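Enquirer: This structure is in C-alpha cells; I'll ask about it shortly.
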C-alpha cells in the first residue's frame with residue numbers, strides 16, 4: 001500500500017484502527033497537532049534557561065498563553081533523524097552561517113520505544129532564508145519513509161504531495177544523503193492567544209542523541225548532547241515577538257543563543273570539530289557520565305511534578 005492510500009485512510013473520521021487494518025489510523029493526540037503543520041514561515045529566537053528556573057518561566061507563560069489541547073502534562077517526546085552528505089554539508093552550512101541553508105529529517109512525536117513500521121512520522125525540510133525559518137513536511141508510515149529515504153525506493157503519493165516528494169527524492173539522490181545523527185528531547189509548548197495569535201514558545205528538556213542504531217524503536221544508548229541542567233527555549237512568531245516576551249527573557253537573564261540541536265549531536269560524537277563559537281557550558285561531561293537514563297522518555301509524563309508544576313503543554 002502506498003502513501004496515497006495511507007493519506008486516504010487518514011482522512012477518515014475514525015480515530016481507531018481496525019484489527020485487520022495494515023495502516024495506522026489518523027494521527028491522534030500531539031501527532032494530530034503536528035500533522036496540521038504542513039508548511040509555514042516564521043522567525044525563531046533561541047535561549048538557554050536553567051532547569052531550576054523553568055517553573056518560574058512556565059508560570060509566566062501560562063499567565064499569557066494557552067497550552068495545546070493535545071499535549072500531555074509535562075510535555076512529550078520528540079525524536080528526529082537527520083540526513084546529511086558524507087562530508088556533512090548541511091552541518092558546515094550552519095557552522096559557517098550561510099544565509100540560505102537547509103536540513104532534511106524524519107521526525108517522530110511520541111515515545112520511540114513504541115514506534116513501529118505503521119507509526120506516522122513527518123518527513124521535513126527545514127530551511128533558513130536570511131532570518132526566516134521555513135518548514136515543509138508531509139506525513140507517512142515510518143516503514144514507507146525508511147524505504148524511501150534509506151533504500152531509495154520510489155513511493156506513490158497523493159498528487160498534492162508530489163512536488164515535495166520529488167524535491168526530497170532529488171536531494172537524497174544528488175547529494176547522497178544518509179542518516180547521520182538523531183536528536184531527542186521532551187518538549188513543552190505554549191501558543192499565543194488574543195493579540196498574540198501566531199506566537200509559539202517551546203521548552204525542550206534533556207536534549208540527547210546518538211550516532212548509530214538509527215531505527216527509532218531500537219533499544220540503543222543515547223548521550224546528552226547539551227548538559228541536562230539546561231533547557232532550550234524557542235520563541236517562534238509569524239511577524240514580531242511581543243514586547244512582554246522580550247521583557248520576560250531579560251528579567252530572567254536569558255541570552256539569545258545560536259545553538260543547533262543537530263550540530264550539537266554531530267559535535268558530541270566527534271563527527272566534526274566543535275565550533276569555536278560554542279559556549280563552554282555546552283561541553284557535555286566525560287564519556288561514561290553523560291548517558292541518558294533508559295526510562296527518560298517512558299517516564300516523561302512525570303516531568304511536570306518534578307519541575308514543580310501541573311500545567312498542560314504541547
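Rule-based calculations on the coordinates, nothing more; no lab input. Only a predicted model underlies this, so the values are computations on that prediction, with no experimental measurement involved. With ideal geometry, Cβ positions are generated from the backbone for all residues, glycine too; neighbour counts draw on all protein chains shown.
Enquirer: Simple spin-label model, 7 Å along Cα-to-Cβ: residue 99 to residue 66 in nm?
Expert: 3.8
Enquirer: Ranked by Cβ crowding within 10 angstrom, fewest neighbours first, how are 56, 188, 153 ordered?
Expert: 153, 56, 188
Enquirer: Another one. Taking each pair of different alpha-carbon atoms in segment 133-248 once, compute 1/r for the pair, average those values, and report the inverse of that mean as the Kirkwood hydrodynamic radius in Å to one decimal.
Expert: About 17.5 Å, per the Kirkwood formula over Cα pairs.
Enquirer: Further, regarding this structure: Go ahead and run the numbers for FRET between residue 212 and residue 243, Cβ-Cβ distance against an R0 of 35 Å, rounding to 0.05.
Expert: Once rounded, the FRET efficiency stands at 0.15.
Enquirer: May I pose another question? So between residue 131 and residue 255, what do we pick up on full extension, going 0.36 nm a residue minus the alpha carbon distance?
Expert: 42.9 nm
Enquirer: Right, next: How far, in nm, would the chain grow between residue 53 and residue 194 when pulled straight, counting 0.36 nm per residue and subtracting the alpha carbon separation?
Expert: 48.1 nm
Enquirer: Give me 58, 89 sorted ascending by neighbouring Cβ count inside 10 Å, so fewest comes first.
Expert: Working: 58 20, 89 14.
By the 10 Å Cβ count, ascending, the order reads 89, 58.
Enquirer: What's the FRET efficiency of residue 117 with residue 174 using the Cβ-Cβ distance as r and R₀ = 35 Å, to the nearest 0.05?
Expert: 0.80
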